[in-house]
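Here's the structure we're looking at; comments come further down.
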Amino acid sequence: MKKVKRTLGMMALAATTVLTVSCKDVNKNEPAAPMSNEMHQESMDDKDDMAMNDNQDAKAEAILNDYFNLKDALVGDDNDKAKQLGATLASTLGSFDASSYSDSEQQELKDIMEDAIEHAEHISESDMAHQREHFKILSKDVTDMVAITGTEMKIYEQFCPMYNNNEGGAWLSMNEEIRNPYFGDKMLKCGKVQREIN
Amino acid sequence: MKFLKIIAWLALVALIVIQFFPIILNESDYVPQSDFMVENQVPATIKNRLQVSCYDCHSNNTDYPWYSKIQPATWFLEDHIQEGKDELNFNEWATYSDRRKNSKLRSIISQIEEDKMPLDSYTLIHKDAILSDEDKRMIIDYMKALKDSLE
């Protein structure tokens, strides 16, 4: 009798442990979201309003800046930094505001952003070789974006014919001088300017 | 000794209790119009390879083995499948823009070329999902042709 009781007790104990653990998970998610929202609203209301606006309709320029930083990290063979900057770029891409463009341009920009965000996110969690693979397609996305949005910056489209077993890869840079993001230190100066934008 | 016994009992009880937790299975008995195989003319052999080697985690319908319905295996698989579908869901192929299709095809090709997909942890159990060199060549050629047709 005693034994049965003890077993029952233990079963109940185990059940409650499992239940509380799983309930905790649910609880953790729920209140956390509204709370952080509140905090955002309070602290960002007045003072930071202007700064917020700048961030919110992330202009093509903001995206380009993040992209160039990411490119520099790849040039420098810096995997961790590229990861961070990939995440930064992903969030800037996500806040891009296309409302001032025509309907067809908006659709095109939406497609570009969706694709680019995915590549930036991958870059934020990959090894160098993989980061560079995604950087290649990301570069195409950003180039296509600039074709629509235009920019006041002077940009060089550069190309290294050797990347990925001679498939080649293009990228954008603010400097005419070649600094290769696909090979980094291994072949820092491989490539040429293909086109000048502006 | 007594202590060990208690632990063993607790583990057993916990194992029984978690069997009663509701599980969400990735199962669907219809193939949407947006499916990869519906939108594209896929040769039967490739169709079959994709179905067996990829669709378990990259579509809305997983062909579950018996042990997967026992916890905690189901939870483990649930995460994996969710991740796989976020990355690529063949059932939603037609909803991707051409640009994204291009990116997806590129990733499909490189993942297979580099032997990263199907995952080792998956083929360990699903021997039939292992792609032979011939399968790989066939799938890659097909995906490359499809990619070229989009560009």
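The values are calculated or read from the model by the stated rules, or taken from the named source; none is laboratory data. Since the structure is predicted, the reported quantities are computational estimates derived from the model, not experimental observations. Note: ideal-geometry Cβ built from the backbone for every residue, glycine included; neighbour counts use all protein chains shown.
Picking from A:Thr151, A:Thr143, which residue would you name as being more than 20 Å from the chain's Cα centre (by Cα), more than 20 Å from A:Asp77 (Cβ to Cβ) and hydroxyl-bearing (Ser, Thr, Tyr)? Walk me through how you get there before you give the answer.
Details: A:Thr143 fails: more than 20 Å from the chain's Cα centre (by Cα).
Result of the check over A:Thr151, A:Thr143: A:Thr151.
Listed here are the residues, each with its yes/no results for (1) outside any helix (DSSP H, G or I); (2) within 14 Å of chain B (Cβ to nearest Cβ); (3) crowded, with 19+ Cβ neighbours inside 10 Å.
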residue	(1), (2), (3)
A:Thr88	no, no, no
A:Leu93	no, yes, yes
A:Ser100	yes, no, no
A:Leu109	no, yes, yes
A:Ile112	no, yes, yes
A:Ala116	no, yes, yes
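Within region B:1-56, how many residues turn out to be within 22 Å of B:Lys101 (Cβ to Cβ) and within 14 Å of chain A (Cβ to nearest Cβ)?
0
Take residues that are touching a residue at least 60 places away in the same chain (Cβ under 8 Å) and tell me which of the helices (runs of 4 or more DSSP H) falling wholly in region B:6-88 contain 1 or more. Write out each step before concluding.
Values: elements: B:36-39, B:44-53, B:55-58, B:73-87.
Hits in region B:6-88: B:44-53, B:55-58.
Looking at region A:146-168 only, could you name the residues that are within 14 Å of chain B (Cβ to nearest Cβ), crowded, with 16+ Cβ neighbours inside 10 Å and touching an Asp or Glu at 6+ places or on another chain (Cβ under 9 Å)? Spell out the reasoning first.
Within region A:146-168, the subset within 14 Å of chain B (Cβ to nearest Cβ) is A:147-148, A:163-165, A:167.
With the extra rule that they be crowded, with 16+ Cβ neighbours inside 10 Å, the set shrinks to A:148, A:163.
Scanning region A:146-168 gives a single hit, A:Ile148.
Tell me, please, whether a residue that is within 22 Å of A:Met113 (Cα to Cα), more than 12 Å from chain A (Cβ to nearest Cβ) and in contact with an Asp or Glu (Cβ under 9 Å, 6 or more places away or on another chain) can be found in region B:123-130.
From region B:123-130, those within 22 Å of A:Met113 (Cα to Cα) are none; that's our starting set.
Within region B:123-130 (the criterion being within 22 Å of A:Met113 (Cα to Cα), more than 12 Å from chain A (Cβ to nearest Cβ) and in contact with an Asp or Glu (Cβ under 9 Å, 6 or more places away or on another chain)), the answer is no, since none of the residues qualifies.
Look at B:Tyr64 and say whether it is at pLDDT 90 or above and under 22 Å from B:Thr123 (Cβ atoms). Can you show your working first?
Details: at pLDDT 90 or above: no; under 22 Å from B:Thr123 (Cβ atoms): yes.
In short, no.
Matching residues to (1) of a type in the set (Asp, Glu); (2) more than 15 Å from the chain's Cα centre (by Cα); (3) at pLDDT 90 or above:
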{"position": "B:Leu50", "(1), (2), (3)": "no, no, yes"}
{"position": "B:Asp86", "(1), (2), (3)": "yes, no, yes"}
{"position": "B:Ser97", "(1), (2), (3)": "no, yes, yes"}
{"position": "B:Ser103", "(1), (2), (3)": "no, yes, yes"}
